[in-house]
Amino acid sequence: SQQGEEDPQALSIQEGENATMNCSYKTSINNLQWYRQNSGRGLVHLILIRSNEREKHSGRLRVTLDTSKKSSSLLITASRAADTASYFCATDRGSTLGRLYFGRGTQLTVWP
Amino acid sequence: GAVVSQHPSWVICKSGTSVKIECRSLDFQATTMFWYRQFPKQSLMLMATSNEGSKATYEQGVEKDKFLINHASLTLSTLTVTSAHPEDSSFYICSALLQVVGQPQHFGDGTRLSIL
């Protein structure tokens with residue numbers, strides 16, 4: 001079964017706006033990762049946040065993690081049409097074997 | 001760096017055929033690779049963990065005799081869908097780890113399998 005849920009399932013915004021996606025999970029974790037997938041392609045790693053971290057930045061990306069609420073958010077600032085993709089969160093369910101369990105994903109569409 | 005190549009990218013074949021998909025780490029050695037399955041507009045479902053030199057570890061509900069995994073070298077894992085049927089049609093994606101603990105996975109571009 002899937003680890004978690006992202007919401008919204010679909011998000012449509014204009015270029016320049018910010019996009020916020022949320023992810024919830026059910027088990028303990030060592031870290032949580034966000035990935036991006038262009039249609040029909042593999043996944044590209046965006047950012048990894050460890051369970052003892054609360055916030056992390058990478059360029060226009062900002063990720064937060066609240067382990068008490070078992071939730072994370074991904075914020076993309078000043079979005080571009082090229083940001084159009086599906087975004088997934090994934091956790092390790094507390095395992096150290098490297099396995100990842102993905103949420104359902106958010107389909108982001110950025111209109112020029 | 002950390003490039004993973006998956007081949008073929010697209011396969012169409014008749015029901016009953018066995019199909020082999022290759023996953024290669026091009027510029028690093030991967031003791032652990034993973035195989036996922038993805039249905040249209042859905043998430044990735046972890047199928048199995050491929051360990052170099054040992055048997056694969058399958059997730060609950062995944063038929064090991066249906067989805068044969070071989071990881072004979074540090075740069076190659078293969079997934080064979082045996083006697084494929086239309087319900088096996090899906091997008092299969094592999095990934096590889098540079099290290100095991102707390103590191104991102106590096107994904108191939110996936111294989112779209114269509115069984116007629």
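Out of everything in the range B:32-58 that is charged (D, E, K, R) and surrounded by fewer than 16 Cβ atoms within 10 Å (Cβ to Cβ), what residue ends up being modelled with the lowest pLDDT? Step through it out loud before you land on a result.
Within the range B:32-58, the subset charged (D, E, K, R) is B:37, B:41, B:52, B:55.
Adding the requirement that they be surrounded by fewer than 16 Cβ atoms within 10 Å (Cβ to Cβ) leaves B:41, B:55.
Numbers: B:LYS41: 82, B:LYS55: 89.
Looking at the filtered set, the residue picked out is B:LYS41.
Taking the listed residues B:PHE39, B:PHE34, the one that is more than 19 Å from B:LEU76 (Cβ to Cβ) and within 13 Å of chain A (Cβ to nearest Cβ) is B:PHE39, with no other qualifying. A:SER68 meets all of the listed conditions (1) in a strand (DSSP E or B); (2) over 13 Å from the mean Cα position of the chain (by Cα) but one, namely (1). Could you list all residues from the range A:68-112 that are among the basic types (Lys, Arg) and more than 17 Å from A:LEU43 (Cα to Cα)? Answer for the range A:68-112, where residues must be among the basic types (Lys, Arg) and more than 17 Å from A:LEU43 (Cα to Cα): A:LYS69, A:LYS70, A:ARG80, A:ARG93.
Of the residues making up the range A:71-103, those that are in contact with a Phe, Trp or Tyr (Cβ under 6 Å, 6 or more places away or on another chain), within 14 Å of chain B (Cβ to nearest Cβ) and assigned to a strand (DSSP E or B) are A:PHE88, A:CYS89, A:ALA90, A:THR91, A:PHE102. As a summary of the residue check, B:GLN103 satisfies the conditions (1) surrounded by 18 or more Cβ atoms within 10 Å (Cβ to Cβ); (2) without any contact (Cβ under 8 Å) to a residue 60 or more places away in the chain except for the one numbered (1).
The values are calculated or read from the model by the stated rules, or taken from the named source; none is laboratory data. Everything quoted here is computed from the prediction, not taken from an experiment. Methodologically, a virtual Cβ is constructed for each residue, glycine included, from the backbone with ideal geometry; neighbour enumeration extends over all protein chains shown.
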